[in-house]
Amino acid sequence: IISKWILLQLCWLCVIICGQRCKHVFLRLVEQEKDPGFWKEWAQRTLKNALTLQDLNKNVAKNIILFLGDGMGVPTVTAARILKGQLSGQNGEETQLEMDKFPYVALSKTYNTNAQVPDSAGTATAYLCGVKANEGTVGVSAAAVKSQCNTTRGNEVTSILKWAKDAGKSVGIVTTTRVNHATPSAAYAHCVDRDWYSDGDMPAEALQSGCKDIARQLFENIPDIDVIMGGGRRNMYPRNTPDVEYPGDKKHNGTRKDGRNLVGEWTDRMKDKRGYYVWNRKDLFSLNPSNVDYLLGLFEPADLPYELERNKETDPSLTEMVDVAIKILRKNERGFYLLVEGGRIDHGHHDGKAKHALHEAVEMDRAITRAGLLTSIYDTLTVVTADHSHVFSFGGYTHRGNSIFGLAPIMSDIDQKPFTSILYGNGPGFKFVNGARENVSTVDYEHNNYQAQAAVPLSMETHGGEDVAIFSKGPLAHLLHGVQEQHYIPHVMAYAACIGQNKNHCHTNSGSPSLSHISPTLAVLLSVKWLLC
């Protein structure tokens, strides 16, 4: 007899495949939730699963992947889970994100050395370089002072990406923001100001003192990063150079004062090393990853568009970029390190546009799923976390299955007006009409660009200061446990991969780490999966 649970799972799959035609079947099976046995069986199944985690995975991590959801606080994770389910015709609350399936979850304390509520630069230095730092600075210790060039020298700190490269691994960066934005820049740059994207953004005194812009450091500090994909074209070209995609729009022109064409320099350097530069989705997919050793993909002058606004003919999705990146990087027998940033989750929240933020989070979860299909839990440590949270919330006693972007079922008992479940503590959504709170039932609150109401008026919503989640799976993932300082993350990943400073526990015969405790049969199965994906 097929259990009620299996029937429910099959129905959910049916909903995904068939859409609304199957929804009535799903609704019938939801009746099973009224039976206490349904929940008890579910709990026992979960308990049985949990008991298997006693057999810890202590293999060496050949590959390490960090998925960073910029601004993806716990409320964002929960709301994205509901959205994912609702996009498939479900109620949403019972859905699992791919990151939800990871066996280990911890909390990360996100403060910067000089800030209770952090920014994305100081946090990136923590989870990439293993050192807490001041807000606004990347790849430098807390001894460096924001925007003071002369405090850079001697305070540089290196990242896990460099540790991996020095160990002979292939390395990559994939982001939906500019490749020289705060998160990716901490992987390769040492800069006291996260906004020094190109020399055109730097004050004269900083240039005269010898400080380098972040775009330049991308190509000079670690010149052989194997895969770089994201936006940021305009910071790579001389000032007033028309953009290849938007030649008539001057705001997308090059910004460099030094006259250098960094893309051209990279292309010349890599032309005999199977290196390719692409600037659109078509060119990206014209490549055979098996024949590519180095890839530079810059798909927009600045950040990539939101997923809901993406031109699917010209710009790749985060999932597509991750797919290509892993297929290139995994050719290295020593393994790889990959940093993946869902960077525009943060931008959606700053704009008060929750729909964009949550769709960005769902897209990153798709990318996590794809990465899981292309790798193995036995030799790949995958970590999903956030740099910080936002003052984003959802509540209002909404009913089961209520649209995550919908109204609460009650009116305010103060102004007798409706309100959306999603609200912000501050931001651009603050609005008074005729001296009173706007009546949201008079506007399209499910529009892509709707700005959810905020309690305090600000032109840009702020970060939140609470802890964020760390999801992990793979070798030594259990070391990410409890409540930890954010800078602990790269040290665990390096320890698992036998790179960086702490390698006393590593034993190899060939000079490179190798897996243990994997049976020949399992090895064959993993090889078949690798070939199929």
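The values are calculated or read from the model by the stated rules, or taken from the named source; none is laboratory data. In this text the structure is predicted, and so the values were computed from the model without any measurement. Cβ coordinates were reconstructed from backbone atoms using ideal geometry, including for glycine residues, and neighbour counts include every protein chain displayed. Calculation scope for accessible area: heavy atoms of the full protein, side chains included, ligands and nucleic acids excluded. Shrake-Rupley method; radii C 1.70, N 1.55, O 1.52, S 1.80 Å.
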Tell me, please, whether a residue that is over 26 Å from LEU318 (Cβ atoms) and at pLDDT below 95 can be found in segment 249-271.
yes
Looking only at segment 307-316, count how many residues are open to solvent by 10 Å² or more (accessible area, probe 1.4 Å) and touching a residue at least 24 places away in the same chain (Cβ under 8 Å).
6
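Condition check ((1) under 28 Å from the mean Cα position of the chain (by Cα); (2) not in a loop (DSSP other than H, G, I, E, B)) across all residues:
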position	(1), (2)
ALA189	yes, no
ARG194	yes, no
ALA206	no, yes
PHE219	yes, yes
ASP224	yes, no
MET229	yes, yes
ASN240	no, no
ASP243	yes, no
From the list ALA215, ALA206, exactly one residue is over 22 Å from PRO490 (Cα atoms), modelled with pLDDT of 95 or more and surrounded by fewer than 24 Cβ atoms within 10 Å (Cβ to Cβ). Which is it?
ALA206
Residue ID - nearest to VAL492 (Cα to Cα), chosen from residues in segment 142-165 that are assigned to a loop (DSSP other than H, G, I, E, B) and open to solvent by less than 10 Å² (accessible area, probe 1.4 Å):
SER159
Please work out if GLY500 is open to solvent by less than 60 Å² (accessible area, probe 1.4 Å) and touching a residue at least 40 places away in the same chain (Cβ under 8 Å).
yes
Go through the residues of segment 470-493 one by one and say whether even a single one is among the aromatic types (Phe, Trp, Tyr), part of a helix (DSSP H, G or I) and at pLDDT 95 or above.
yes
Residue check, PRO409 part of a loop (DSSP other than H, G, I, E, B) and within 18 Å of the chain's Cα centre (by Cα):
no
What are the pairs, 6+ residues apart or on separate chains, where a residue within segment 101-118 that is hydrophobic (A, V, I, L, M, F, W, C) has its Cβ under 8 Å from a residue that is part of a strand (DSSP E or B) and open to solvent by 70 Å² or more (accessible area, probe 1.4 Å)?
ALA106/VAL483; LEU107/VAL483
Count - residues of segment 459-490 that are surrounded by fewer than 16 Cβ atoms within 10 Å (Cβ to Cβ) and either free of Cβ contacts under 8 Å to residues at least 60 places away in the same chain or within 20 Å of ASP166 (Cα to Cα) (or both):
1
What do you reckon, is LYS355 among the basic types (Lys, Arg) and in contact (Cβ under 8 Å) with a residue 40 or more places away in the chain?
yes
All positions within segment 98-141 that are under 16 Å from the mean Cα position of the chain (by Cα), over 30 Å from ALA215 (Cβ atoms) and surrounded by fewer than 23 Cβ atoms within 10 Å (Cβ to Cβ):
GLU98, ASP100, PHE102
Among the residues of segment 65-97, write down those that are open to solvent by 50 Å² or more (accessible area, probe 1.4 Å), charged (D, E, K, R) and touching a residue at least 24 places away in the same chain (Cβ under 8 Å).
LYS84, GLU93
Of all residues in segment 391-406, how many are closer than 24 Å to HIS350 by Cβ and assigned to a loop (DSSP other than H, G, I, E, B)?
7
Looking at segment 440-455, I want the residues that are free of Cβ contacts under 8 Å to residues at least 12 places away in the same chain and have a partner that is open to solvent by 50 Å² or more (accessible area, probe 1.4 Å) with Cβ atoms under 9 Å, at least 6 apart or on another chain. Which pairs are those?
THR442/VAL433
Run GLY429 past the list (1) exposed (fewer than 13 other Cβ atoms within 10 Å of the Cβ); (2) more than 30 Å from GLU33 (Cα to Cα) and report the number of the one that doesn't hold.
(1)
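Which residue is surrounded by the fewest Cβ atoms within 10 Å (Cβ to Cβ), if the candidates are limited to segment 321-351 and must be among the hydrophobic types (A, V, I, L, M, F, W, C) and part of a helix (DSSP H, G or I)?
VAL324
Conditions tested, residue by residue: (1) in contact with a strand residue (DSSP E or B) (Cβ under 8 Å, 6 or more places away or on another chain); (2) basic (Lys, Arg); (3) not assigned by the TED database to the domain that holds ARG216.
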| position | (1), (2), (3) |
| --- | --- |
| MET236 | yes, no, no |
| ARG239 | yes, yes, no |
| ASP249 | no, no, no |
| GLY254 | yes, no, no |
| ARG269 | yes, yes, no |
| GLY275 | yes, no, no |
Identify all residues within segment 222-273 that are among the acidic types (Asp, Glu), within 22 Å of TYR188 (Cα to Cα) and open to solvent by 60 Å² or more (accessible area, probe 1.4 Å); write none if there are none.
ASP258, GLU265, ASP268
Quick check, is SER389 touching a His at 6+ places or on another chain (Cβ under 9 Å) and among the polar types (S, T, N, Q)?
yes
